[in-house]
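Please read the structure below before turning to the comments.
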Amino acid sequence: MERTYVATGDSTHEALAGLAETENVTAVFALVAASTTKHREELATAGTETDLALFGGIFPQLIVDGVAHEEGTLLLGLSQVPEVTYITGLSDAERGYTDQLPDLLSRGFKTAFVLVDAFASRTDVLIRALFNTYGVELNVLGGGAGSLSMEQQPCLLTDEGWHEDGALIAATEANGNVGVRHGWQEFAGPFRVTDAEGNVVTLLGDEPAYDVYREVVEPDAGVEIGADNFFEVAKSYPLGLSRFDAEKIVRDPFEPTAEGGLRCFGDVPQGSFVHVLKGEPASLIEAACEAADAARAIELPGGGPRSTLFFDCISRALYLESEFKQELATVADRSDAPLVGALTIGEIANSGREFLELYNKTAVVGVVDSV
């Protein structure tokens, strides 16, 4: 996997031209920092101006050689042209997704990069359709695209340009393995979710979810929570969905609703039980190390060169602040190749052994054949 980092003042057109002349590069996975408007505009038409297959997304930050970047674009040159499928209508309650999914398994596809519009409202429905179609036979890694403006905007790239409210599946024949860990610990609960719809939790027990959350969090945080500071406080106190004999699935509440609910990145099923979670930097960093170790634990067939991709949640970086560099460094130390990836708004992963999930505040490390 060839990699080219394009600084804000440089041209993605020139970088793509260079990759087009590189031996064996036939496609490009473009990871674009949300702040880099110039590159977004250039890439909008690049698919019609190059012979390279082009796909990718916009993210709050990038990971380039183990270092986080808030600006620029990372172009990953691939030797295989992936089969790219764009799924439309990811907030449309009338839309089905199974009929949009291609037959991948019978044609030898083994690993897929899956990117979604982080602000689409039915990502969980798509995740279930993906799992029902491909089961555990397809390794999946990726995450939510978008920016911390919390506004939906075109954020997914294909040869046709930028798209919003959809999902992108780029399937390859590469072997792969994925590790997933988060490191957050139970702080309060459990609370029964007595009323919820999609990604909005309305009631915990008999009380409005926002009231319960403030009652639990405010004494520990030492501040009163309101709409103006909710995201700043909530980044340290996510919700955790209970799973049998497995690490909890984290749900990141990002704003209160006018009706007293909590709006999260990802669905929270009615009738489920949730805890309010809390983490320490050491536990989060150790979890990222465990994810990297899990991704490397199984030797890939063939024994050829491998690439390591890291899709880490932007809210982990916001929580860890200066210590986030340590998380990146420890994962990079466990990589056989320069560490590349993005800080996402929600993570998507299926290790080939577990149920495909949409995660929040979670570290996802993928090791794949050099595609």
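In whole Hz, with x marking every Gly and Pro, tabulate ³J(HN,Hα) for the stretch 90-105 from phi via Karplus 6.51 cos²θ - 1.76 cosθ + 1.60, θ = phi - 60°.
Coupling constants for the stretch 90-105: 7, 10, 8, 5, 8, 8, x, 10, 4, 6, 8, 8, x, 6, 10, 5 Hz.
Which whole-number percent of Cα pairs in the stretch 30-186 have a distance greater than 26 Å? Present the calculation step by step, with values, prior to reporting the outcome.
On the way: 3332 of 12246 pairs.
Result: 27 percent of Cα pairs exceed 26 Å.
Add +1 for every Lys or Arg and -1 for every Asp or Glu among the other residues with Cβ under 14 Å from the Cβ of Q153, and state the total. Mind showing how you got there, number by number?
On the way: positive: R40; negative: E41, D117, E151, E164, D165.
Cβ neighbours under 14 Å give a net charge of -4.
Given bins 10 angstrom wide, list per bin the percent of all Cα-Cα distances in the chain, short to long.
5, 26, 35, 24, 8, 1, 0
On a 22 Å Cα-Cα criterion, which of the cross-link pairs K38/K235; K325/K361; K248/K325; K110/K361; K235/K325 come out too long?
Numbers: K38/K235 30 Å; K325/K361 16 Å; K248/K325 25 Å; K110/K361 26 Å; K235/K325 18 Å.
Checking Cα-Cα distances, K38/K235; K248/K325; K110/K361 exceed 22 Å.
Relative to the Cα centre, what is the charge dipole magnitude of the stretch 267-306, using +1 at the beta carbon of each Lys and Arg, -1 at the beta carbon of each Asp and Glu, and rounding to the nearest 20 debye?
Values: 3 positive and 6 negative charges, 17 e Å.
With Lys and Arg at +1 and Asp and Glu at -1, about 80 debye.
Taking the Cα centre of the chain as origin and charging only Cβ (+1 Lys, Arg; -1 Asp, Glu), how large is the dipole, in debye to the nearest 20? Please list the in-between numbers first.
Values: 24 positive and 59 negative charges, 146 e Å.
The dipole magnitude comes to about 700 debye.
From largest to smallest, what semi-axes in whole angstrom does the stretch 209-330 give when each is the square root of 5 times an eigenvalue of its alpha carbon gyration tensor? Provide the component values of the computation, followed by the final result.
Numbers: eigenvalues 203, 62, 30 Å².
Ellipsoid half-lengths, sorted descending, are 32, 18, 12 Å.
Going highest first, how would you order 135-146, 94-105 by mean Cβ packing within 10 Å? Before the final figure, lay out the partial values.
Values: 135-146: 23.9, 94-105: 13.2.
The most tightly packed comes first, giving 135-146, 94-105.
Is the C-alpha gyration tensor of the stretch 104-147 telling us rounded, prolate or oblate? Criteria: a/c under 1.5 is rounded; beyond that, a/b larger than b/c is prolate, otherwise oblate.
Here the stretch 104-147 falls in the oblate category.
Hey, if you put +1 on the Cβ of every Lys and Arg and -1 on every Asp and Glu Cβ in the chain, which of A46, F191, A234 ends up farthest toward the positive end of that dipole?
Going by the charge dipole, the pick is F191.
How large a share of the accessible area of the chain, in percent, is made up of carbon and sulfur atoms when the probe is 1.4 Å and the other protein chains stay in place?
Numbers: 6710 of 14540 Å².
Looking at the chain in its full context, I get 46 percent from C and S.
The values are calculated or read from the model by the stated rules, or taken from the named source; none is laboratory data. Given the structure is predicted, the values throughout are model-derived calculations rather than measurements. FYI the Cβ positions are ideal-geometry reconstructions off the backbone, even for glycines, and counts take in every protein chain you see. Surface areas here come from the heavy atoms of the whole protein model, side chains and all, with no ligands, DNA or RNA. Shrake-Rupley method; radii C 1.70, N 1.55, O 1.52, S 1.80 Å.
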